[in-house]
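Working notes, beginning with the structure itself.
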Amino acid sequence: MTALQNLACSKSQPMPVTTPARDLYNALMRQPSAQSLEAARQYLDERLEEAAQLGGGLPDNLDDLDAWVGENAARVAEQYANYLKARHEGAPRRFFSNRSHALFFLRAVAPTKLVDGAWLYGTLRQWADGRYHGLIRTYLEELGDGEPAQNHVVLYRKLIADLECEPQGDLDDSYYVQGAIQLALGALGHELLPEVIGFNLGYEQLPLHLLITSFELNELGIDPYYFTLHVTIDNASTGHAQKAAQSLRELIPLNDREAFIRRVRAGYQLNELGAGTTAAIAAFDLEDELVAMLERKQVFAQHMHSDYCKIEGRTVNQWLAEPGGIRPFLAALERKDWIKRQADPSQSRFWQLIDGPGAAMFGVFSAYEKQLLADWIADGHVPEAGQRRGSDNPFRLKFRQHPLATSLAQAGGPSVEERAEVQAALAQAGPKSRLERLLPFMAPQCHATPSGLYATRLFARELAGEAGISR
């Protein structure tokens, strides 16, 4: 008997993982197949066994749920007030030691952020049942009701693209765990309603780390709009946290109530698995990340340099051909004053080769990779390497107009062909309703495309009872 069938076996040991999270994630981000759906079932079964071993969770009496949600919100508000007080008194940032640390974090959490809301996709099938509308509205709001400036995946995709810090397949499997769980719940939501409700209840609580992240990203000159948007919509009064609690109350069945609640609790605990925000922040080591980045480039670069320049008697190609040679190479560059640590990066000859007009290695390094090198050279002794200096007030909002959202709001809509694709699906004959025909366009792997955004706008308007869905 599996964990999806009977969660009473929660004291058993976790099952071995048979499918890496990254592999399942990538399979479900393509058009899910029967094979990937079966892998998703097995993966969730294993994760539920693992989550059952964890402490904490929902209150013992779910009649106290509203009070519990309110208490969580009040506790986070108090903790954030204490954080701000400490910062006013001169305390350093709590999360990000420098800008490259923040970019590392944005890369690490990208697999999760790029499937934001995915766990609720399966609830769309129940659009005719009013009890599901809180969950469905939450999903539609994650999708921005089809507006690119509000669609969470579109926003995050643009954020990391603008900052040139997209992951390039180099993240540890642990960073894909949450994304794989969310995609699997979305794909199998018709089988796993209690787990979806429980997971949603946990995910939509406003966490302290979201508030601190927003503050410190703004301080470092990174548009925090994606994160501040979540601060507002996850509120405990009228936002997603409130909708999550209300949905649980409305969907608890009269029969098998205890079994249903047990599964809700298990779904809630799934939030604790994988490498989340705090783990991603704690994992950053500037020099280790710099070396890892250069090692990823090493295989491509070891034959690309001329033999004209030598460092301590060895050509650059010879340095780069040596396995594990990046740290010694950096040390040699320091000894020969190609890199001047604890100084403005612009004073280093090596930096001049990769940045600025006429740089010999222009375009070789992304903005994230250059930031790693700049912060490593500065070594904390040059405040915010590459950024505006200390006259900036960290409490001043630098992004009042939210350029991230503004640029998306000005983007063009779907092409004639993309509109025609959606309209052709709507025009098909058969027993399916118009809303059901829109669902494939609103799947996690599709909704951030122009046709997906268009279909989401049509779905949201029709669900709300608005006349005509030709927009």
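Derivation of every value follows stated rules applied to the coordinates shown; laboratory data play no part. Since this is a predicted model, take the numbers as computed values, not measurements. Methodologically, a virtual Cβ is constructed for each residue, glycine included, from the backbone with ideal geometry; neighbour enumeration extends over all protein chains shown.
Side notes on the structure shown:
- Pairs of Lys residues in the chain, spaced 8 or more positions apart or belonging to different chains, with C-alpha separations under 25 angstrom: 18 in total.
- Residue order, fewest to most beta carbons within 10 Å, for 366, 451, 433: 433, 366, 451
- This ranking places 309, 446, 165 by how few other beta-carbon atoms lie within 10 Å of each, fewest first, which gives 309, 446, 165.
- Measuring between their Cα centroids, the range 408-438 and the range 256-301 lie 36 Å from each other.
- Counting neighbouring Cβ atoms within 10 Å and putting the fewest first, the residues 297, 85 line up as 85, 297.
- Prolate/oblate/rounded label for the range 286-378 (Cα gyration tensor, a/c 1.5): rounded
- Answer label, with semi-axes √(5λ) of the Cα gyration tensor in Å calculated from the coordinates and candidates (1) 43, 25, 24; (2) 34, 31, 23; (3) 41, 22, 22: (1)
- Relative contact order computed over the chain (Cα-Cα under 8 Å; 6+ residues apart), in percent: 20
- From its DSSP helices (H runs of at least four residues, each -39,500 (n - 2.57)), the chain gives a residue-normalised ellipticity at 222 nm of -16000 deg cm²/dmol.
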